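Novice: I am attaching a structure below and will ask some questions about it afterwards.
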Amino acid sequence: VDVRYLPANLHNRPDRIVPALRELLDELDPHGDRDVLIGYADCGTGGTLDALLAERPNLRRLPGDHCYEFFAGSPLFRELAEAELGTFYLTDFLAKHFDALVWQGLRLDRHPELLPTYFGNYTTLMLLSQTERDDVLAAGREAADRLGLQFQHRHVGLSHFHDAVSVTLRKVA
């Protein structure tokens, strides 16, 4: 298995995910003859990721609209989303890198007056943790405090992610 990463800050600009992915795929697999698992859900691409997959039948992506869904599992994620529409979700990675990816990524470090514009309709920050590390939990709590949101935590582990990868890989084989 050969793993390649795209910059995490592409999630702040989902319109750039598919062009960056296309560039990487053209470099690594120009003839489209290797089976490739794309470790993204739709991630805000508005279906353009699925359009890329339709062009190249050797590509598969993880199921779901968000990484939160394949970490939590679709049934739990739907339940959480329906229970509280005003929820901002974090994973371990986003909690640990909240300052760079969210605070600075949305320019709140330079324009704190934008906080109500971005987060005024949110009530809760939900950390869907993959690990049980105290530093991740603390980072999630701090992020909620900075955003003025109620903090909630759900340890979801990695089993749903493993299941999503396994199912997707079986489709490739």
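Novice: Looking at the square roots a ≥ b ≥ c of the eigenvalues of the Cα gyration tensor of segment 77-159, which shape do they give, rounded for a/c under 1.5, prolate if a/b is larger than b/c, or oblate?
Specialist: Oblate, since a/c reaches 1.5 and b/c is not below a/b.
Novice: Once you place label points 7 Å from the Cα toward the Cβ at VAL1 and ALA138, how far apart are they in nm?
Specialist: 3.1 nm
Novice: About the Cα centre of segment 67-160, what is the dipole size in debye to 20, counting +1 per Lys and Arg Cβ and -1 per Asp and Glu Cβ, all else neutral?
Specialist: 140 debye
Novice: Going 7 Å from the Cα of GLN150 along its beta-carbon direction, which residues of segment 64-107 have the amide nitrogen within less than 19 Å of the resulting point?
Specialist: Of the residues in segment 64-107, 77-90 have backbone N under 19 Å from the label point off GLN150.
Novice: Let me ask something else. Calculate the spin-label point distance for GLU82 paired with GLU23, positioning each point 7 Å from the Cα along the beta-carbon direction, and give it in nanometres.
Specialist: Here the answer is 4.1 nm between the modelled labels.
Novice: Another one. Can you give me the accessible area per residue for segment 103-173, using a 1.4 Å probe, in Å²?
Specialist: 62 Å²
Novice: Please work out the average accessible area per residue across segment 1-56, using the 1.4 Å probe convention, and give it in Å².
Specialist: Counting only protein heavy atoms, the per-residue value for segment 1-56 is 62 Å².
Novice: Run lengths n ≥ 4 of DSSP H only: what is the helix-derived mean residue ellipticity at 222 nm for the chain, with -39500 (n - 2.57) per run over all residues, to the nearest 500?
Specialist: -12000 deg cm²/dmol
Novice: Then there is this: In terms of solvent-accessible area of protein heavy atoms at a 1.4 angstrom probe, what is the ranking of LEU53, LEU158, highest value first?
Specialist: Highest to lowest solvent-accessible surface, that is LEU158, LEU53.
Novice: Moving on to the next point. Test of the criteria: in segment 11-101, which trypsin sites (Lys or Arg not before Pro) are in a DSSP loop and have at most 16 other Cβ atoms within 10 angstrom of their Cβ?
Specialist: Working: sites: ARG16, ARG22, ARG34, ARG60, ARG61, ARG78, LYS96; in loops: ARG34.
Within segment 11-101, the qualifying trypsin sites (Lys or Arg not before Pro) (loop, at most 16 other Cβ atoms within 10 Å) are ARG34.
Novice: What range in the chain is the longest one free of GluC sites (Glu not before Pro) that are in a loop by DSSP and have at most 15 other Cβ atoms within 10 angstrom?
Specialist: Here the longest segment lacking exposed loop sites spans 1-83.
Novice: Right, next: Based on the Cβ-Cβ distance from ASN12 to ASP33, what FRET efficiency comes out when R0 is 30 Å, to the nearest 0.05? Please report the intermediate quantities before stating the final value.
Specialist: Working: r = 33 Å, r/R0 = 1.09.
Calculated value: 0.35.
Novice: Accessible area of the chain with a 1.4 Å probe: how many percent of it is carbon plus sulfur?
Specialist: On the way: 5210 of 10060 Å².
Whole-percent figure for carbon plus sulfur exposure: 52.
The values are calculated or read from the model by the stated rules, or taken from the named source; none is laboratory data. From a predicted model like this one, the values you see are computed outputs, not experimental measurements. Positions of Cβ are generated from backbone atoms using ideal geometry, with glycine treated the same way; all protein chains shown enter the neighbour counts. Calculation scope for accessible area: heavy atoms of the full protein, side chains included, ligands and nucleic acids excluded. Shrake-Rupley method; radii C 1.70, N 1.55, O 1.52, S 1.80 Å.
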